[in-house]
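S.K.: Just dropping this structure here.
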Amino acid sequence: MSSATGHPKPRLTALSGVRKGRVGEVWLVGAGPGDPELLTVKALRLLQAADVVVHDRLTPQAILDLAGPSATLIDVGKRKSRHTLPQDDINALLVALGLDGKRVVRLKGGDPFVFGRGGEELAALRAAGVPATVVPGVTAAFAAAASAGAPLTHRGLAQAVTFVTGHAAKGETPDLDWAALGRGNETVVVYMGLSTAAVIAARLIEAGRAASTPVLVVESASLAGERRILSTLAGLDAALAGLDGPAILIIGEVAAMADTSSPADLVAPMESRLAR
């Protein structure tokens, strides 16, 4: 039985996690921010050769369609009908597939080692004796900055850049070094920060950042529905009304360099120039 994309539906009941002859291999592959053209050549090659592709909910269908026609696609992301598959279960699934002799691509949004829990999966595979390789991808912060034309570092404005997560359990304040993040001449990039943006802005202001510090919010970076909003720390909470992510927050003076035009507005003029 095949899925709507023509790929076989996953059949996990045969997996026992017990070594069966030849051990397979697992590649932890960065899928990039969503645009299939931002996949690496290596990621594409591995997708086309994989027996099984284990992917997250937000992986675009256009990227999944690049897998070979015989590949089994396994969605381990959250759906309305069930909770997110716990990380321990994902680790166990990857180990079982590897011990079953499969060539497995664990497809992860952005880069596996940038808030992707790739380190946990790699450790589990190593402990089980399953060969594993990490293939880097374009992380969302790079795609958001490049798309909007807001460099993460810029002489005279930002001599450093720090990536932080805005995700906190049960609505708690993220456990960050606010004193360090409050210093100037540095760009702060927040992943998964929509729900805690107001708290983050307040903490940065308390730590010394000016309330007028520019903040660039990029929703769905690199995708057709990408949106860019330029605000300030003081106005961030109001600026985020109506957004539901995924989004990147770029905080610092470099954010003021961003082009906030809709990417769709730029496509037609570019295509007309290329056609000449």
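S.K.: In segment 113-129, is there at least one residue being assigned to a loop (DSSP other than H, G, I, E, B) and farther than 21 Å from Thr40 by Cα?
M.R.: yes
S.K.: Does Leu93 satisfy being surrounded by 19 or more Cβ atoms within 10 Å (Cβ to Cβ) and farther than 25 Å from Val189 by Cα?
M.R.: yes
S.K.: Among Leu216, Leu204, Leu194, Leu176, which is surrounded by 15 or more Cβ atoms within 10 Å (Cβ to Cβ), in contact with a Lys or Arg (Cβ under 7 Å, 6 or more places away or on another chain) and either outside the structural domain of Gly34 (by TED's automatic domain parsing) or assigned to a helix (DSSP H, G or I) (or both)?
M.R.: Values: Leu204 fails: in contact with a Lys or Arg (Cβ under 7 Å, 6 or more places away or on another chain); Leu194 fails: in contact with a Lys or Arg (Cβ under 7 Å, 6 or more places away or on another chain); Leu176 fails: in contact with a Lys or Arg (Cβ under 7 Å, 6 or more places away or on another chain).
Exactly one residue qualifies, and that residue is Leu216.
S.K.: Filter segment 139-156 down to residues that are in a loop (DSSP other than H, G, I, E, B) and touching a Ser or Thr at 6+ places or on another chain (Cβ under 8 Å) and give me whichever is surrounded by the most Cβ atoms within 10 Å (Cβ to Cβ). Show your work before the answer.
M.R.: First, the residues of segment 139-156 that are in a loop (DSSP other than H, G, I, E, B): 139, 149-153, 155-156.
Keeping just the survivors that are touching a Ser or Thr at 6+ places or on another chain (Cβ under 8 Å) gives 152-153.
Details: Leu152: 21, Thr153: 15.
Result: Leu152.
S.K.: Same structure, new question: Go through Gly129, Gly137, Gly98 for me and flag whichever is out of contact with any His (no Cβ under 7 Å at 6 or more places or on another chain), farther than 24 Å from Leu39 by Cα and not aromatic (Phe, Trp, Tyr).
M.R.: Gly129
S.K.: What number of residues in segment 241-263 are among the acidic types (Asp, Glu) and over 19 Å from the mean Cα position of the chain (by Cα)?
M.R.: Total meeting the criteria: 2.
S.K.: Additional query: Are any residues in segment 219-234 in contact (Cβ under 8 Å) with a residue 12 or more places away in the chain and either of a type outside the set (A, V, I, L, M) or not assigned by TED's automatic domain parsing to the domain that holds Pro174 (or both), and if so, which ones?
M.R.: We begin by selecting, within segment 219-234, every residue in contact (Cβ under 8 Å) with a residue 12 or more places away in the chain; these are 219-224, 226-234.
Passing the criteria: Glu219, Ser220, Ser222, Glu226, Arg227, Arg228, Ser231, Thr232.
S.K.: Would you mention how many residues in segment 206-240 are of a type in the set (Gly, Ala, Ser) and under 22 Å from the mean Cα position of the chain (by Cα)?
M.R.: Number of matching residues: 5.
S.K.: Any residue at all in segment 97-120 that's in contact with a Pro (Cβ under 8 Å, 6 or more places away or on another chain) and over 30 Å from Thr162 (Cβ atoms)?
M.R.: yes
S.K.: Go through (1) at negative phi; (2) modelled with pLDDT under 95; (3) out of contact with any Phe, Trp or Tyr (no Cβ under 6 Å at 6 or more places or on another chain) and name the single condition Ala234 misses.
M.R.: Every listed condition holds for Ala234 apart from (2).
The values are calculated or read from the model by the stated rules, or taken from the named source; none is laboratory data. A quick note: this is a predicted structure, and the numbers were derived from the prediction, not measured. Note that each Cβ is placed from the backbone with ideal geometry, even for glycine, and that neighbours are counted across all protein chains shown.
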